[in-house]
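This report concerns only the one structure given below.
The values are calculated or read from the model by the stated rules, or taken from the named source; none is laboratory data. All of these numbers come straight from a predicted model, not from anything done at the bench. Ideal geometry is used to build each Cβ from the backbone, glycine not excepted, and the neighbour counts take in all protein chains shown.
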Amino acid sequence: MSSTEPISTAPISTEPISTEGFRGAGREVAVAAAFVIALAAAAWVLFGGATASIVVLCCAAVSLVVLRTLLNRSVSPEDAEQVRHDAPATSFAGFWRMQTDIASAMASLSAWDNNSRRRLQNLLAARLAERHDINMAADPQAAKAAFIGDHSSRAALWFWIDPERLTPEDASSRRGIPPRVLAALIHRLEQL
């Protein structure tokens, strides 16, 4: 990739997360349903149909209690506006999604540019703002200088997180970020 490619000044997405309820939880609901089906099937095989019915009813009761607990949480509109689409999830399914995103980012440059790079750019922007008083959106050159620091070898890492770099048209056919480069990038972000 050459350094003569056009540069974009598009800011990182700051759209608030959707407040449409459980529409975005399709994967989590599917995992829970599969778990209940597997548990009921095992109960059916081992103990018969009556026990399987009781297992399904108990799972439904537990899920209603959990749902009631989750629905009682009050979230102020200001808090909901601060959450972003690329905020890391704390559930197991969120961890699984993050692992899938990382595997995709290593396989395809398009996946890197559209998912993982944006998350790490947000982390970089937060680190620079908190520890170096640099606004990455307003002064990308100062952000680059702080990221690279005294080591010119870090300049190659900047390519992978550069907020001004456009996604190439053939990104879906290119390999994504190499694992060692990703590890070095994360290590540098931790050092900032």
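If the condition is being part of a loop (DSSP other than H, G, I, E, B) and either surrounded by fewer than 17 Cβ atoms within 10 Å (Cβ to Cβ) or among the hydrophobic types (A, V, I, L, M, F, W, C) (or both), then the stretch 165-188 contributes 166, 167, 168, 169, 170, 174, 175, 177, 178. When residues in the stretch 27-72 are screened for being farther than 26 Å from residue 98 by Cβ and not β-branched (Val, Ile, Thr), 21 of them pass. Is it fair to say residue 143 is surrounded by 14 or more Cβ atoms within 10 Å (Cβ to Cβ), of a type in the set (Gly, Ala, Ser), closer than 18 Å to residue 192 by Cβ and modelled with pLDDT of 85 or more? Criteria met by residue 143.
Across the stretch 129-164, the number of residues qualifying as of a type in the set (A, V, I, L, M), assigned to a helix (DSSP H, G or I) and out of contact with any helix residue (DSSP H, G or I) (no Cβ under 9 Å at 6 or more places or on another chain) comes to 2.
Residues in the stretch 146-191 that are in contact (Cβ under 8 Å) with a residue 60 or more places away in the chain and of a type in the set (Phe, Trp, Tyr): 1 in all.
Conditions tested, residue by residue: (1) over 23 Å from residue 174 (Cβ atoms); (2) loosely packed, with under 14 Cβ neighbours inside 10 Å; (3) without any contact (Cβ under 8 Å) to a residue 40 or more places away in the chain; (4) not aliphatic (A, V, I, L, M).
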residue: 93; (1), (2), (3), (4): yes, no, no, no
residue: 117; (1), (2), (3), (4): no, no, no, yes
residue: 123; (1), (2), (3), (4): yes, no, no, no
residue: 126; (1), (2), (3), (4): yes, yes, yes, no
residue: 135; (1), (2), (3), (4): yes, yes, yes, yes
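Evaluate the following for residue 55: is it modelled with pLDDT of 75 or more, surrounded by 12 or more Cβ atoms within 10 Å (Cβ to Cβ) and assigned to a helix (DSSP H, G or I)? When the stated conditions are applied, residue 55 passes them.
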